[in-house]
C-alpha cells in the first residue's frame, strides 16, 4: 500500500439499520510515478464504496510523505436504508498509538467529530511518527452522516468513516447507527502523514503534527492582526463582566462580611440563571454558598483583574472591592505555612456561621481535611502577582514565604511534590503522588525567586521540572484533580492511575499541560538553558491538539481559538483558554514564532465567546432560548464552556455561571495580556 504503516486488507464495516456486517475491499486500480495511486472498491447491499489513496506532495521541510485517502459512498441502484460505513485496517508494527482526541473505552465507542478540534490520531515508533488527520474541508461541506474515527489495541485496528453517535457518560461517543436513504454520493477524506524521527528525537514530540495541522487548516482560519487593536476590541466584554458581577447582580454575586475582625469580600463561587435578582429565587444555590481560592476558581485571580481594570477605567469602587478579595485570601489561616482553599457559608447560608475547609470540593473522598498543595501554590502565585503588578502589601511576602518554606520540606527525593497532605504533614495522600501538578509549584518557586532571589527556590524548581520531564511528559500522563474528581469521574472504564485498556493511553487533562508549559518556560527564563524552552514547546504542541482551529458548521457558537478539556470529555470554548492565551504569547515573545502569536490572540478572543451580551449574537440568541427571562440587565452572564454535559445544559447552554472560571477569569487574563503588550 502507498502508506507504509498500513496493512492490507482494507475492510469496510457497515450497518443497514438491522445489524453490522463486514467485507473486504478489493484493489481495482494501481498507478505509478508522480501520480501514484491505489483504488479499492466494495459493493454491499445498499451502497458502493470507492476508496482512493494518492500521494500528496508534502511541503518543503514538512513530512516525509502524505497519502490522501478519499472515500465515496454511493447509494445502490435500488435505494435502500444505510446507517453506517466504517473503513478499517490494521496498523503496521512497531508503530503504536500515542494520542487521540477522545478515549473510547468500550468496543461500541469511537471518536466522534464533535471532538475534532485539531483532529489527529498519532502513532510513534523509535524511528517514525505518523498521524491520521481528518479533512476538515470535506467535513465542513459533507456531513449527511457524522464522521467518526478510532484506534483500538485489539487487532491494532484503525478506523475512519460515517456513523451517528450518542454522547454518553461524561463524556464518550457511543456508535448509534441510524438508517436513512442516501440522496446521492457522500464523501469523507483524511490524510495519512509520515515523518522520519531525527536522532535524539524525544518520545511524544508532537511538534510536526501541530505544524502540519497549522499549515493545512489553522493558518487560514486564524489570521492575526494588530495585537493592540484586537485586545482593545475586547474591552466591552470587561465592562459587561464587572457590570454584571459587581453591580447589576451584586445582591447575589458580591459577598462581603467580617471574618476574624477583617472586612473581606469576593464574588460567590457559582450562581444559576434562575437566581437573577428580583425573581425570588436568589437563595436557590446549585452548590454550597462559598468563596474559593482554588486552581480553577480563584477569587484572587479575578480580583487582580478588577483591581487593574478599576485603575484603567477610573472605577475606584472596583479597586476597593478587589482589596476586600485580597483581605479574604490573606485571612486564610496558616498552619505551618499551609492554609485552606475554601470558605463555606453555614447551613443557614450566613457567612457568620461559616467555616474554612482545607480542600475545596473536586477531591478524592475523605480529603476534606487535606491541603491541596496545587490550590495553595496557585493562590500564592497570585499573591505574588498582586504584589508585583497591583500594590505592595507588606503582608504578602511573609505569607508566601511561610508557605514556600513548608513546600520545600515536602519535596521528595525524585523532585516531585505530593498532591494532598494533612496540615500537620504526618499524612500524605496516595492520590496524584506523582503528577503534573508538580509543575504548578515550579511556577510559584520561579516567580518567588524572581521576587526575592534564593538559590533554594530555583534548585527545588529545577529538580521538580526534571521530574516532570522524566516521568510525566514521555508517558503523556497528564492526570490531575480534574481528570477524576470533577464532572468526568471514575467508572469501570476509567480508573485513576490506570491506562485505558482499549487504547493503551492515560486519561489526560489539558490543565497539566498548561502548568508544565508554563513551568518549563519559567525555568528557561530563570536559567537561560535552551533545553527548558525546547521541552516547553514540546508540551505546548500536545496542548495545541486541544485548541480549536476551525468553525464546525454543526456548532451554533464561534469556536476558533477556544480549548477542550480532556480526552474523556467533549466540551468546547472552555475557560482555560484565557490561561493558554498568555502562555502562547510568552512563547511567541521568546521564539518569534508567529503561530504562537496567532494562537494567543485567538485564545484570548475565544475567552469571551460564551458571554451573554449583544457582541455575541449567536450565544445571546441561545441563552434567550434556554433562559427567556434574561435581558440587558444580565449582560456578562457567562457559562464556562459550550456543550457541557452536566444534566442541565440545553442545546449546549448550561444553567449556571462561575465568575472565577468565566468572565472574571477572562478579564483578568486580558489585563495581564495588555500589560505584556505594553512592556513589549
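The values are calculated or read from the model by the stated rules, or taken from the named source; none is laboratory data. Everything numeric here is computed off the predicted structure, so don't read it as measured data. Heads up, the Cβs are rebuilt from the backbone with ideal geometry, glycines too, and the neighbour counts pull from every protein chain shown.
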Would you point out the residue of the stretch 419-444, among those that are in contact with a strand residue (DSSP E or B) (Cβ under 7 Å, 6 or more places away or on another chain) and crowded, with 24+ Cβ neighbours inside 10 Å, that is farthest from residue 369 (Cα to Cα)? 419
Matching residues in the stretch 451-479 - criterion: being under 19 Å from residue 98 (Cα atoms) and crowded, with 17+ Cβ neighbours inside 10 Å: 468, 469, 471, 472, 473, 476, 477, 478, 479
Taking residue 43 as meeting all but one of (1) surrounded by fewer than 16 Cβ atoms within 10 Å (Cβ to Cβ); (2) in a strand (DSSP E or B); (3) in contact (Cβ under 8 Å) with a residue 40 or more places away in the chain, write down the number of the exception. (3)
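May I ask you to say which residue of 102, 136, 158 is more than 22 Å from the chain's Cα centre (by Cα) and buried (at least 18 other Cβ atoms within 10 Å of the Cβ)? So that I can check it myself, show each step before the final result.
Details: 102 fails: more than 22 Å from the chain's Cα centre (by Cα); 136 fails: more than 22 Å from the chain's Cα centre (by Cα).
That would be 158, the only listed residue that is more than 22 Å from the chain's Cα centre (by Cα) and buried (at least 18 other Cβ atoms within 10 Å of the Cβ).
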Only one of (1) farther than 28 Å from residue 239 by Cβ; (2) in contact (Cβ under 8 Å) with a residue 40 or more places away in the chain fails for residue 302. Which number is that? (1)
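Have a look at 373, 410, 397 and point out the one that is touching a residue at least 60 places away in the same chain (Cβ under 8 Å) and under 23 Å from residue 452 (Cα atoms). Give the steps one after another, and end with the answer.
Values: 410 fails: touching a residue at least 60 places away in the same chain (Cβ under 8 Å); 397 fails: touching a residue at least 60 places away in the same chain (Cβ under 8 Å).
Testing whether each residue is touching a residue at least 60 places away in the same chain (Cβ under 8 Å) and under 23 Å from residue 452 (Cα atoms) leaves just 373.
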Which numbered condition trips up residue 440, out of (1) part of a loop (DSSP other than H, G, I, E, B); (2) closer than 26 Å to residue 574 by Cβ? (1)
Determine which single condition residue 263 fails, assuming it passes every other condition in (1) part of a helix (DSSP H, G or I); (2) within 27 Å of residue 329 (Cα to Cα); (3) touching a residue at least 60 places away in the same chain (Cβ under 8 Å). (1)
Please go through the stretch 172-195 and give me each residue that is surrounded by 16 or more Cβ atoms within 10 Å (Cβ to Cβ) and at pLDDT below 95, ordered by number. 182
Only one of 347, 340 is in a loop (DSSP other than H, G, I, E, B) and either within 33 Å of the chain's Cα centre (by Cα) or outside the structural domain of residue 252 (by TED's automatic domain parsing) (or both), namely 340
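Results for (1) assigned to a helix (DSSP H, G or I); (2) buried (at least 21 other Cβ atoms within 10 Å of the Cβ); (3) in the same structural domain as residue 331 (by TED's automatic domain parsing), shown as yes or no for each residue.
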site	(1), (2), (3)
241	yes, yes, yes
246	yes, yes, yes
258	no, no, yes
274	yes, no, yes
286	no, no, yes
291	no, yes, yes
303	yes, yes, yes
309	yes, yes, yes
319	yes, no, yes
So which residues in the stretch 199-239 are more than 22 Å from the chain's Cα centre (by Cα) and farther than 22 Å from residue 560 by Cα, if there are any at all? 199, 200, 201, 202, 239
Looking at (1) buried (at least 21 other Cβ atoms within 10 Å of the Cβ); (2) assigned to a helix (DSSP H, G or I), find the lone condition where residue 363 falls short. (2)
Output the number of residues of the stretch 1-41 satisfying the condition of being modelled with pLDDT of 95 or more and not assigned by TED's automatic domain parsing to the domain that holds residue 51. 0
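Is there a residue in the stretch 522-535 that is closer than 30 Å to residue 619 by Cα and either in the same structural domain as residue 675 (by TED's automatic domain parsing) or modelled with pLDDT of 95 or more (or both)?
First pass over the stretch 522-535, keeping only residues closer than 30 Å to residue 619 by Cα: none.
No, every residue in the stretch 522-535 fails to be closer than 30 Å to residue 619 by Cα and either in the same structural domain as residue 675 (by TED's automatic domain parsing) or modelled with pLDDT of 95 or more (or both).
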Would you confirm whether or not the stretch 586-603 contains a residue that is in contact with a strand residue (DSSP E or B) (Cβ under 7 Å, 6 or more places away or on another chain), assigned by TED's automatic domain parsing to the domain that holds residue 249 and farther than 26 Å from residue 271 by Cα? yes
